[in-house]
Ligand SMILES: [Fe+2]
């Protein structure tokens, strides 16, 4: 199978650094290919395709081990908040999901589910309406700006409900960040990174990295909060059918709340992304379509 450059020639995460012990060999899969990697403990990492024995590109960056099977850019995307000295940076978990990584990114961009899925944390009734926000393109990336949502407990450190302000940033098809009002410093934003490893077309591992301005909550408290949120999302993600993401605008009915979802799907189409998407006309799509009909 030939894979489109928009997917092949990218960096992908395979682990957050807390989970990588120096000198230990780890096995994983990326884009359907078996990989073995190890860190030497000096902030360097080596990786090999175990199907061909060939080395593949690897780097440690943004608190994460990144690999590529293609010809990726030297520097994938900028995240200057990692260099701010008062930030707490920690991995908040890596979650295996039986869905395309594109589904996981799309779910991350969706605010409409907060009151129903993250009840009492990221939303609650009757505050269910998604206020209009701006969808913008900048330097090839996709942004949703001026997002606002009432949140009873927006983060582990929240003392009270706040009108949380969000910016969503989709830097790459499988990489998104959320810039969110910091409860302790409302003029600045906490950053939640969602780095998705496409294991194959319908399975992924979602790696989360927090870049936070919280000097009160313990590491375990910060992790527990994000793991609670993501555990709630897993319930929805594992029920999405088809597991791959349909890009045909006719497939799922859009509403105003879905503006970012529509923009994300269009952006993927324009970049030529096929891997992890649903096609009713492909052989794998046909089986997904029948499972969709039965669902
Ligand atoms: Fe969610």
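The values are calculated or read from the model by the stated rules, or taken from the named source; none is laboratory data. As the structure is a computational prediction, the values presented were derived from the model and not from experiment. Glycine also receives a Cβ, built like all others from the backbone with ideal geometry; neighbour counts cover every protein chain displayed.
Each residue in the range 203-218 was checked for being under 22 Å from residue 14 (Cβ atoms) and surrounded by fewer than 20 Cβ atoms within 10 Å (Cβ to Cβ), and 1 pass.
Counting only residues that are surrounded by fewer than 13 Cβ atoms within 10 Å (Cβ to Cβ) and within 15 Å of residue 71 (Cβ to Cβ), the range 6-56 holds 2 of them.
Counting just the residues of the range 130-141 that are touching a helix residue (DSSP H, G or I) at 6+ places or on another chain (Cβ under 8 Å) and either part of a loop (DSSP other than H, G, I, E, B) or not assigned by TED's automatic domain parsing to the domain that holds residue 156 (or both), which one comes out nearest to the ligand (Cβ to nearest atom)?
By that ranking, first place goes to 130.
Taking the range 188-197, which residues are under 15 Å from the mean Cα position of the chain (by Cα) and not in a strand (DSSP E or B)?
Of everything in the range 188-197, nothing turns out to be under 15 Å from the mean Cα position of the chain (by Cα) and not in a strand (DSSP E or B).
Take the conditions (1) touching a helix residue (DSSP H, G or I) at 6+ places or on another chain (Cβ under 7 Å); (2) within 16 Å of the ligand (Cβ to nearest atom); residue 173 misses just one of them, which is (2). Looking at the range 243-260, which of its residues are modelled with pLDDT under 65 and not in a loop (DSSP other than H, G, I, E, B)? Scanning the range 243-260 gives 256, 257. Among the residues of the range 155-173, those that are modelled with pLDDT under 95 and part of a strand (DSSP E or B) comprise 162, 163, 164, 165, 166. Of (1) within 16 Å of the ligand (Cβ to nearest atom); (2) in contact with a strand residue (DSSP E or B) (Cβ under 9 Å, 6 or more places away or on another chain), residue 261 satisfies all except one. Which? So residue 261 meets the others, but not (2).
Scan the range 213-220 and tell me whether some residue there is more than 16 Å from the ligand (Cβ to nearest atom), without any contact (Cβ under 8 Å) to a residue 24 or more places away in the chain, more than 30 Å from residue 33 (Cβ to Cβ) and part of a helix (DSSP H, G or I). Checked the range 213-220: at least one residue is more than 16 Å from the ligand (Cβ to nearest atom), without any contact (Cβ under 8 Å) to a residue 24 or more places away in the chain, more than 30 Å from residue 33 (Cβ to Cβ) and part of a helix (DSSP H, G or I). Scoring residue 268 on the criteria (1) within 16 Å of the ligand (Cβ to nearest atom); (2) part of a helix (DSSP H, G or I); (3) modelled with pLDDT of 95 or more leaves a single failure, condition (1).
List pairs: first in the range 107-127 and under 19 Å from residue 169 (Cα atoms) and touching a residue at least 12 places away in the same chain (Cβ under 8 Å), second within 10 Å of the ligand (Cβ to nearest atom) and part of a strand (DSSP E or B), Cβ under 6 Å, 6+ apart or cross-chain? Taking only residues 6 or more apart or on different chains, the pairs are 114/123. Just give me the residues in the range 174-187 being in a loop (DSSP other than H, G, I, E, B) and at pLDDT 90 or above, in sequence order. Correct list: 174 only.
Restricting attention to the range 193-202, which residues are within 14 Å of the ligand (Cβ to nearest atom) and surrounded by fewer than 19 Cβ atoms within 10 Å (Cβ to Cβ)? Scanning the range 193-202 gives no hits. Within the range 221-242, restricting attention to residues that are surrounded by 20 or more Cβ atoms within 10 Å (Cβ to Cβ) and away from the ligand (no atom under 16 Å from the Cβ), the residue that is farthest from residue 82 (Cα to Cα) is 242. Against the numbered list (1) within 16 Å of the ligand (Cβ to nearest atom); (2) buried (at least 21 other Cβ atoms within 10 Å of the Cβ); (3) under 30 Å from residue 161 (Cβ atoms), residue 91 comes up short only at (1). Among the residues of the range 102-109, is any in a strand (DSSP E or B) and either crowded, with 16+ Cβ neighbours inside 10 Å or assigned by TED's automatic domain parsing to the domain that holds residue 216 (or both)? No, the range 102-109 contains no residue that is in a strand (DSSP E or B) and either crowded, with 16+ Cβ neighbours inside 10 Å or assigned by TED's automatic domain parsing to the domain that holds residue 216 (or both).
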